[in-house]
1. Pop a pseudo-label 7 angstrom from the Cα along the beta-carbon direction at both residue 93 and residue 59 and give the gap in nm to one decimal.
2. What spacing in nm lies between the two simple spin-label points modelled at residue 2 and residue 33, each 7 Å away from Cα in the Cβ direction?
3. What whole number of Å gives the distance from the Cα centroid of the stretch 109-140 to the Cα centroid of the stretch 141-182?
4. Percent of alpha carbon pairs in the stretch 2-182 separated by more than 28 Å?
5. Using the Kirkwood radius over C-alpha pairs as Rh, can you work out the diffusion coefficient of the stretch 77-177 via Stokes-Einstein at 37 °C, viscosity 0.692 mPa s, in µm² per second?
6. Run through the DSSP bridge list for the chain and note the antiparallel percent, rounded to the nearest 5.
7. Using only Cα atoms, figure out Rg for the stretch 31-117 and give it as a multiple of 2.2 N^0.38 Å.
8. Would you kindly state how much longer the chain becomes between residue 167 and residue 107 on full extension, computed as 0.36 nm times their sequence separation minus their alpha carbon distance, in nm to one decimal?
Ligand SMILES: C[S@@+](CC[C@H](N)C(=O)[O-])C[C@H]1O[C@@H](n2cnc3c(N)ncnc32)[C@H](O)[C@@H]1O
């Protein structure tokens, strides 16, 4: 039934969700392949939805790592709050306010970032502001992994991070393009 809940909520909010299906397990696994779970103190997830990638991250994380997950939809945040794990910090706010929450929770740097925010669908200046915030706080060499359903926004990541590697994952609805960058 998780799929139906995601479909129902996404269809009401197509402008900010940009899909009607949660990520497949193939996408989830690929999205976390460059996260340095061994050394990470703080991982940030942007656009967590109802938590499908969140659960994969938590499963791979050590006991002393924190995961701060940003999601703007209240209904998805309610689902995220149902995940019973004190390593997870759910932030019901736009990723643009990242800096405020890092300060609030006592972090000055992010180890790695996993993002499914549909930057293709957002105003370009908002997308850039969010990505520049990420670039400001991510550690040098930290991994930034981004989910998309096209390569249309690739140039934004090139502008902010420089080199971008792209991987196509056909086993997802719709098929996904994953962009990988370094801080
Ligand atoms: C493509 S869905 C991905 C959901 C889930 N991570 C998955 O992979 O199935 C994108 C999510 O980003 C959220 N989102 C969009 N703009 C956002 C923003 N500015 N800050 C935080 N989350 C945002 C949407 O509400 C939506 O849940």
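Since every read-out is calculated from the coordinates, none of them should be taken as a lab result. All values reported here derive from a predicted model rather than from experimental measurement. No Cβ is skipped: glycine too gets one built from the backbone with ideal geometry, and neighbour counts run over all protein chains shown.
1. Each label point is offset 7 Å from its Cα along the Cβ direction, giving 3.1 nm.
2. About 2.2 nm, to one decimal.
3. So the two Cα centres are separated by 12 Å.
4. Of all Cα-Cα pairs in the stretch 2-182, 14 percent lie more than 28 Å apart.
5. 218
6. Taking every DSSP beta bridge within the chain, about 40 percent pair in antiparallel fashion.
7. 0.97
8. Additional length available on full extension: 18.5 nm.
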